[in-house]
Amino acid sequence: MGARTRGSSCRVCPVERGVLPVGRGVGIPDRRGSGVIDPRRLRQEIGSIAERLRRKGVELDVTRFEALEARRKRLQDEVERLRNQRRVASKRIGEAKAAGDDIAPLVAAVGHLGDDLGEAAKQFEAVRAELDEFVTGLPNPPHDSVPPGLDEASNVELRRWQEPSDFNFEPRDHVSLASTSLDLEAAAKIAGSRFSVLRGALARLQRGLTQFMIDTHVQEHGYEEVYVPYLVDRHTLLGTGQLPKFEDDLFAIDGERDQFLIPTAEVPVTNLIRDSILEYAELPLRFVAHTPCFRSEAGNYGKDTHGIFRQHQFEKVELVQIVHPDRSWDALEELTTHAETILRKLELPYRAVALCAGDLGFAAAKTIDLEVWLPAERRYREISSCSNFLDFQARRMLARYRNPETGRPDYVHTLNGSGLAVGRTLIAVLENYQDGNGVVHVPDALRGYLGGSSRLDL
RNA sequence: GGAGGGGUGGCUGAGCGGACGAAAGCACUGGUCUUGAAAACCAGCGAAGGGCGACCUUCCCAGGGUUCGAAUCCCUGCCCCUCCGCCA
C-alpha cells in the first residue's frame with residue numbers, strides 16, 4: 001500500500017458514472033440535494049449570488065445555468081408525467097386481475113410507456129448530472145462582512161496581542177535552534193522532501209504541545225475529545241468540500257481502495273454528523289481532535305522550503321463545532337477565542353486577520369486567521385484558520401437538526417479552526433523563547449508537560 | 001482468510017410481486033381527564049425534489065436486471081453482526 005498524489009485523470013470518474021458517486025447513506029445523500037448553495041436560492045437569486053461569487057474571484061456562468069435549469073424543468077415534468085401514467089395503468093391491471101378479468105388488452109395498451117419513459121429518464125438523468133456537477137463546483141459565497149480583495153494583500157488585521165519579541169541579538173531560526181534534534185536529512189532519506197524527523201526534547205516538545213492544547217480545549221472550553229480515522233473515502237471529502245475540485249492536493253491510496261489520507265481532522269470529524277438528524281438539545285456539538293495531516297501541496301513547490309513550516313505531514317489539533325444556524329456567527333468568535341487562548345497561554349505574540357473574499361477557502365463563508373510572530377522571519381505567519389461554513393457543508397453532508405418550532409429538519413451550521421497547528425507552534429516556541437545563547441526556554445504553561453524542565457535540551 | 005445471518009421511517013421492528021410510503025411498539029406533537037404531573041384514552045406524526053397552487057414524482061443500503069407493475073424475485077458492490085482462523 002502506498003500513497004501518491006492522484007492525477008487529474010481520476011477526476012473523470014464521476015462524469016463517467018453519469019452522476020456523482022452518491023446516494024442515500026453514502027456521502028451526498030441525494031443528488032438533488034447535493035447543492036452547495038441552496039438550489040432554490042440559486043434559481044431565484046442567481047444574479048446576486050453571481051455577484052457575491054465574483055468577490056471570491058469566481059465567475060458564475062449564468063446563461064449556462066439557466067439553460068440547464070430550463071431543460072431540467074421540462075424533462076422532469078415529462079418524466080413525472082409518464083411515471084404517473086404508468087402507475088395508474090399498472091394499478092388498473094392489478095385490479096382487473098383481482099376481479100378475474102382479462103388483462104391482456106390493458107397490458108398491451110401500456111406497452112410503449114416503458115420505452116418512452118426510459119428515453120425521457122435517460123435525458124433527465126444526464127441534465128441532472130450536468131447541473132449537479134455545475135453546482136457542487138461552486139464555492140460558498142463570502143459573507144457580507146468579509147473584506148473585499150482578491151489576495152492576501154487585502155486581508156484586514158483585526159487585533160494584535162503583545163508586541164513582536166524585541167531581541168537585542170540576531171534571532172536564529174527554528175532549524176538552527178533545533179540543531180540535531182531536527183533531522184531533515186533522515187526524513188528525506190526515508191520519505192523524501194518536506195517530511196521531518198524530530199528527536200529527543202524536540203519530539204517531546206511536540207507531544208507536550210499537543211497534550212496541552214487538547215487538555216485546554218477539553219477542560220476549559222468544553223470540547224469533547226475524539227479519535228478518528230486518518231484515511232477517509234470519497235464521499236467524506238465531498239461532504240466537507242475538498243472534492244470534487246481539489247483532488248490534487250490530497251494523497252490518495254494506491255490500489256483497490258478509493259481512500260485518501262486526511263488533509264485535516266476537519267474532514268473526518270465534521271463528517272461524524274453526516275446523514276443525521278440531531279435533536280435540538282444536542283446542539284452545539286464541540287469536538288477536538290489531534291491528527292496528523294497530509295497534504296501534497298501541489299502548486300506550492302518552492303514555497304517555504306526551509307525548515308518545517310510547510311510539510312507533507314504535520315500535526316494539528318482541530319476544533320469543530322456543529323451549531324444551531326442562529327448561533328454560528330457567535331460560535332465563530334468563540335472558536336477563534338479558544339484558539340487564541342492557546343497562543344496567550346504560551347505567551348506568543350500574534351495577530352488576528354480577517355481574510356478577504358479572494359483569499360477564502362472553497363467552502364468558507366468567512367475566515368479569521370491567527371498569525372504568530374516568527375522572529376527569524378520578522379513577520380506574522382499563519383498558525384490557525386477559523387471558519388464559518390454556514391450550511392454549505394451541512395447541505396453536502398445532509399446534516400440536520402430537528403427544528404422544535406416546525407418539527408421539521410433544518411440544516412445545521414458547521415465551523416472549524418486549528419487550535420493550533422502543532423508543527424508551526426513548535427517553530428514559534430523555538431524562535432520566541434530563544435535567549436541569545438542558543439538556549440530555548442520552556443513556556444510556563446508547558447512545563448508540566450515536559451517533566452518540569454525550564455529549558456529544552458536540544 | 002473461511003462459514004453463516006443481516007441492512008426497512010428519529011429508534012426498535014413486521015412485511016417478502018399489485019390495494020405498501022410501508023404493520024406494531026417507542027419517541028415526539030396536540031387534545032380529553034387532572035389542582036398539577038404521571039397513567040389512561042383520542043388524534044396527528046418519515047425524507048428529498050418539482051409546482052403559484054390543487055397536487056405530482058422519488059426514496060425500504062447502493063448500482064444493474066426481470067416484470068404491465070419490485071421493499072418484495074435475480075446479479076454485482078458496499079457495510080454490519082455471529083462463529084472459526086490469524087493478529088497489535
- Task: Within segment A:400-455, work out how many residues are within 16 Å of RNA strand B (Cβ to nearest atom) and hydrophobic (A, V, I, L, M, F, W, C).
- Result: 1
- Query: Which ranges mark the strands (runs of 3 or more DSSP E) fully within segment A:240-319 that have 3 or more residues being out of contact with any Asp or Glu (no Cβ under 7 Å at 6 or more places or on another chain) and over 29 Å from A:HIS221 (Cα atoms)?
  - Reply: A:251-253
- Task: Output the residues belonging to segment A:135-155 that are part of a helix (DSSP H, G or I) and either touching a helix residue (DSSP H, G or I) at 6+ places or on another chain (Cβ under 6 Å) or over 15 Å from A:LEU238 (Cβ atoms) (or both).
- Result: A:GLU152, A:ALA153, A:SER154
- Message: Just to check your reading of the model, which residue among A:ALA339, A:ALA352, A:ALA331, A:ALA298 is among the aliphatic types (A, V, I, L, M), modelled with pLDDT under 95, under 30 Å from A:TYR227 (Cβ atoms) and open to solvent by less than 40 Å² (accessible area, probe 1.4 Å)?
- Response: A:ALA298
- Message: Just to verify a result, which residue in segment A:95-117, among those that are assigned to a helix (DSSP H, G or I), more than 8 Å from RNA strand B (Cβ to nearest atom) and exposed (fewer than 12 other Cβ atoms within 10 Å of the Cβ), is modelled with the lowest pLDDT?
- Response: A:HIS112
- Limited to segment A:250-285, what total is found for residues that are open to solvent by 60 Å² or more (accessible area, probe 1.4 Å) and closer than 19 Å to A:GLY417 by Cα? 2
- State whether the residues of segment A:382-391 include one that is away from RNA strand B (no atom under 16 Å from the Cβ), assigned by TED's automatic domain parsing to the domain that holds A:ILE427, open to solvent by 60 Å² or more (accessible area, probe 1.4 Å) and without any contact (Cβ under 8 Å) to a residue 12 or more places away in the chain. no
- Item | Which numbered condition A:ARG274 fails, given (1) closer than 26 Å to A:THR210 by Cα; (2) among the basic types (Lys, Arg); (3) under 15 Å from the mean Cα position of the chain (by Cα) | (1)
- Is it the case that segment A:61-78 has a residue that's closer than 30 Å to A:SER154 by Cα, at pLDDT 50 or above and either β-branched (Val, Ile, Thr) or near RNA strand B (Cβ under 9 Å from one of its atoms) (or both)? yes
- For segment A:120-175, enumerate the residues that are among the basic types (Lys, Arg), surrounded by fewer than 19 Cβ atoms within 10 Å (Cβ to Cβ) and over 30 Å from A:TYR433 (Cβ atoms). A:LYS122
- Message: Please verify whether A:LEU75 is surrounded by 15 or more Cβ atoms within 10 Å (Cβ to Cβ) and out of contact with any Leu (no Cβ under 9 Å at 6 or more places or on another chain), treating the condition exactly as stated.
- Response: yes
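The values are calculated or read from the model by the stated rules, or taken from the named source; none is laboratory data. In this text, all values refer to a predicted model and were calculated from it rather than measured experimentally. Note that each Cβ is placed from the backbone with ideal geometry, even for glycine, and that neighbours are counted across all protein chains shown. Quick note on the areas: whole protein, heavy atoms, side chains included, nothing else; ligands and nucleic acids left out. Shrake-Rupley method; radii C 1.70, N 1.55, O 1.52, S 1.80 Å.
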